[in-house]
Amino acid sequence: MSESLIVICPSCNAGNRLPQSRIGEQAKCGKCSEALFKGEPIDTDEAGFARHIGGELLVIVDFWAPWCGPCKSMAPAYEQVGKQFAHQAQFLKVNTEEQQALAQRYQIRSIPTLMCFKSGKLLGQQAGALPAQAMQQWIEQFV
């Protein structure tokens, strides 16, 4: 494994080379000076999605819709787990109503659906709402 990672900024989508020794720090983007690790889910579009999953940091994606009851009930758990893994993974939210092409590309048949990516590769997926503890256990297999 290399001694540095490319971390995508949650604010401007710029790639930032970050030494692994600085992953736990409050690193800032070299382009926009915003924090690289905010500990909160990032609402994203297709271009942002592509940038983030292409980075070298683990990316957890929640495919959801505003009308979906289970999606709404899982949202607080997703935010909580996002804070726990703030320096190990980025957490994205993809609204399947607004980003239909992404939902089709990844064959989202039920929501919420969680997917885990690293360096552009899909590592795993989980359909259905999960409580925080189950979500944490699911993510830990990829960390």
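Residue count for region 88-105 satisfying the condition of being free of Cβ contacts under 8 Å to residues at least 60 places away in the same chain, under 13 Å from ILE53 (Cα atoms) and either of a type outside the set (D, E, K, R) or touching a Cys at 6+ places or on another chain (Cβ under 6 Å) (or both): 5. For region 122-143, residues that are farther than 21 Å from GLY55 by Cβ and assigned to a loop (DSSP other than H, G, I, E, B) total 4.
When GLY39, GLY30 are checked against the criterion of being without any contact (Cβ under 8 Å) to a residue 60 or more places away in the chain and at positive phi, a single residue qualifies: GLY39. Looking only at residues in region 1-25 that are under 18 Å from the mean Cα position of the chain (by Cα) and assigned to a loop (DSSP other than H, G, I, E, B), the one that is farthest from ALA50 (Cα to Cα) is GLY24.
Every residue, every condition in (1) acidic (Asp, Glu); (2) buried (at least 20 other Cβ atoms within 10 Å of the Cβ); (3) within 22 Å of PHE142 (Cβ to Cβ); (4) out of contact with any helix residue (DSSP H, G or I) (no Cβ under 9 Å at 6 or more places or on another chain), yes or no:
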| position | (1), (2), (3), (4) |
| --- | --- |
| SER21 | no, no, yes, yes |
| GLY30 | no, no, no, yes |
| PHE63 | no, yes, yes, no |
| PRO66 | no, no, no, no |
| LYS72 | no, no, no, yes |
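The numbers here are math on the coordinates, done by the rules we state, and not lab data. Predicted model, so just to flag it, every value in this text is computed and none were measured. Note that each Cβ is placed from the backbone with ideal geometry, even for glycine, and that neighbours are counted across all protein chains shown.
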